[in-house]
Amino acid sequence: MAKDLGVTSREENYADWYNEVVKRADLADNSVVRGCMVIKPHGYAIWEHMRDALDRMFKETGHVNAYFPLLIPKSFLSKEAEHVDGFAKECAIVTHHRLMNDPNGKGVVVDPEAKLEEELIIRPTSETIIWHSYKNWIQSYRDLPLLINQWANVMRWELRPRLFLRTAEFLWQEGHTAHATYEEAEQETLTILEIYKRFAEEWMCVPVIDGIKSDGEKFAGADHTYTIEAMTQDFRAIQAGTSHHLGQNFAKAFDVTFQSAEGKREYVYATSWGVSTRLIGTMIMAHSDDNGLVCPPKLAPIQVVIVPIGRGDDRAAVMEATDKIAADLKATTWSGLPIRVKVDDREKESPGFKYNYWEMRGVCLRIEIGPRDLAEGKAVIASRLGGDKKEVQLDQIISTVATELDNFQRALYQRALALREANTHRVDSWEEFQTAFAQEGGGGGFILAHWDGTQETEDAISAATKATIRCIPLIPLDPKDNEPGVCVYSGKPSQKRVIFAKAY
RNA sequence: CGGGGCGUAGCUCAGCUUGGUAGAGCGCGUGCUUUGGGAGCAUGAGGCCGCAGGUUCGAAUCCUGUCGCCCCGACCA
């Protein structure tokens, strides 16, 4: 009986495992519309913490928030040639604005009289609608830089959706900035990339490699794209965030110019950058286990759950102690915010049930307190990362919780880093390269190999192995990675190693 | 859009071959007993058997059509 209460193990079926964790941890459900997702309160709480932390970081670096509309005239998308190529295949289109009763029966039909003169697309990203506005906002170099972010939903009509990792509608932030010079825009993309990397590592406990995308993998319409790439527990790469230098492409497409201090009229330089609810999927894939969700304390919806044990005569005293601990914890800040505590005082459920219940939902620490503890003036504390339960004196609980949360955050990062390092390899022969990616379904880790820099080779490697270039690291993982060599596929000269992996 | 599978209770599924009153487990309600790693007993509620036609005295079951979902490929954050 206990068996069907858990989730499929990662080893047995990684895809099923992921899906079941999302559902059993109460994070999200599929909607009735294919590809769309209901984000439940427990999942949305994670997003709120991500959003709040990132928003602070953006504001600290001079960005402000605004909101641009959901609907974009169809013609806008085609103003930038590469951009339309990249997104045209996955757009939802609004063609009518009215329904009517079906003259032939029940229900409603689209009113053919209500056809739109110009069809609208639901934003797959907002560059076009935003740059249409920027044309009017930017006149002079004094208006620059323009540093704007928006929190929004976007829609990309996905054929193979997966909860959080790839959904038709998703939540994200998209930053859109305008600058007077190429160099300033370049600095902006790198500043944001650094924020993304710091957020992934310090908040999500997910080590990432920051690098530049090959031309084949860059954003449609960008001059070049930076990325942070994480590794999942099935040894694949997942793109966790991107920051694009758009050059003058959108400025030219939307005719956005400014007058320089010297009185010359010039096109502005642009950047755009985003992270999405995919981060939640990334976090799950990086940390969770066969008992359910594992959450970094800084993002956990609930950091501490208290399970009071005992009923009847013991109940009142135990509850009194429980409520005191809860109140004390809530009055304490950890990492700058009040500690998030839940008291599970349900009387119908057994303690054992509650332990499993909250483990599945990714609560970091559990405090058990019963009559026996109370008699000795202590409580039991257990970590979601395992290890032995510890006994704590009641007057030490606050400091112990803070310390345990610190340790948890650090240990989780170290564990993910160890996984990545153990599955990152350098390969110099084509045979070895193919073997590395040979397993059906599975990943193969990160393979650092030499590449001749051509699109043809990239395509050929991808066709043969399903592995793609995830990025060219900004900083080599090992100094030797930047020593010249020969391409693993073509044998032509190569300047440095790049990262290949199968990707989500 | 190709290849495979599946639609029966909130969830996971049995029943279909061979037509005859709609089933199980989990979950849910109620009552009693239980509480230190997924409690027990009792009792109840819950169904247009995906949808539409057809065959038949009679269809979850057979036939035709249709819609939807899942998995694997091509495309993507």
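The values are calculated or read from the model by the stated rules, or taken from the named source; none is laboratory data. No experiment lies behind these values; they were computed from the predicted model shown. Because the Cβ atoms are built from the backbone with ideal geometry, glycine has one as well, and the counts that use them run over all protein chains shown. For the accessible areas, the whole protein counts, side chains as well, though only heavy atoms, and no ligand, DNA or RNA atoms are used. Shrake-Rupley method; radii C 1.70, N 1.55, O 1.52, S 1.80 Å.
Could you identify the single residue in A:GLY274, A:GLY221 that is in the same structural domain as A:ILE129 (by TED's automatic domain parsing), buried (at least 22 other Cβ atoms within 10 Å of the Cβ) and touching a His at 6+ places or on another chain (Cβ under 8 Å)? If you could, list the steps in order and put the result at the bottom.
Details: A:GLY274 fails: touching a His at 6+ places or on another chain (Cβ under 8 Å).
Residue meeting the stated conditions: A:GLY221.
Looking across segment A:380-393, the residues that are more than 7 Å from RNA strand B (Cβ to nearest atom), open to solvent by less than 60 Å² (accessible area, probe 1.4 Å) and modelled with pLDDT of 95 or more come down to A:ILE381, A:SER383, A:ARG384, A:LEU385, A:VAL392.
Applying the condition of being near RNA strand B (Cβ under 9 Å from one of its atoms), of a type outside the set (D, E, K, R) and surrounded by fewer than 24 Cβ atoms within 10 Å (Cβ to Cβ) to segment A:298-314 and asking which residue is modelled with the highest pLDDT yields A:ILE309.
Put simply, of A:GLU194, A:GLU188, A:GLU229 the only residue that is open to solvent by 40 Å² or more (accessible area, probe 1.4 Å) and of a type in the set (Asp, Glu) is A:GLU194. Taking the stated definitions as given, is A:GLU188 within 23 Å of A:GLU80 (Cβ to Cβ), more than 18 Å from the chain's Cα centre (by Cα) and without any contact (Cβ under 8 Å) to a residue 12 or more places away in the chain? Here the answer is no, as A:GLU188 does not meet what is asked.
Please return the ranges of helices (runs of 4 or more DSSP H) entirely within segment A:392-504 where 3 or more residues are among the basic types (Lys, Arg). Break it down into steps so the answer makes sense when it comes.
Details: elements: A:397-422, A:430-436, A:455-465.
It comes to A:397-422.
Counting just the residues of segment A:433-454 that are open to solvent by 20 Å² or more (accessible area, probe 1.4 Å) and more than 22 Å from A:ASN482 (Cβ to Cβ), which one comes out farthest from RNA strand B (Cβ to nearest atom)? Break it down into steps so the answer makes sense when it comes.
So the first thing to find is which residues in segment A:433-454 are open to solvent by 20 Å² or more (accessible area, probe 1.4 Å), and the list is A:434-436, A:438-442, A:451-454.
Cutting the leftovers down to more than 22 Å from A:ASN482 (Cβ to Cβ) gives us A:434-435, A:438-442.
Numbers: A:GLN434: 15, A:THR435: 18, A:ALA438: 13, A:GLN439: 11, A:GLU440: 8, A:GLY441: 7, A:GLY442: 11 Å.
In this case the residue turns out to be A:THR435.
Taking each residue of segment A:26-38 that is more than 13 Å from A:PHE170 (Cβ to Cβ) and looking for partners that are part of a loop (DSSP other than H, G, I, E, B) and more than 10 Å from RNA strand B (Cβ to nearest atom) with beta-carbon atoms closer than 8 Å, six or more apart or interchain, yields A:ASP26/A:LYS40; A:LEU27/A:LYS40; A:LEU27/A:LEU293; A:ASP29/A:LYS40.
Checking each residue in segment A:156-185 for being in contact (Cβ under 8 Å) with a residue 60 or more places away in the chain, charged (D, E, K, R), within 14 Å of RNA strand B (Cβ to nearest atom) and open to solvent by 10 Å² or more (accessible area, probe 1.4 Å) picks out A:ARG156, A:GLU158, A:ARG162, A:ARG166, A:GLU169.
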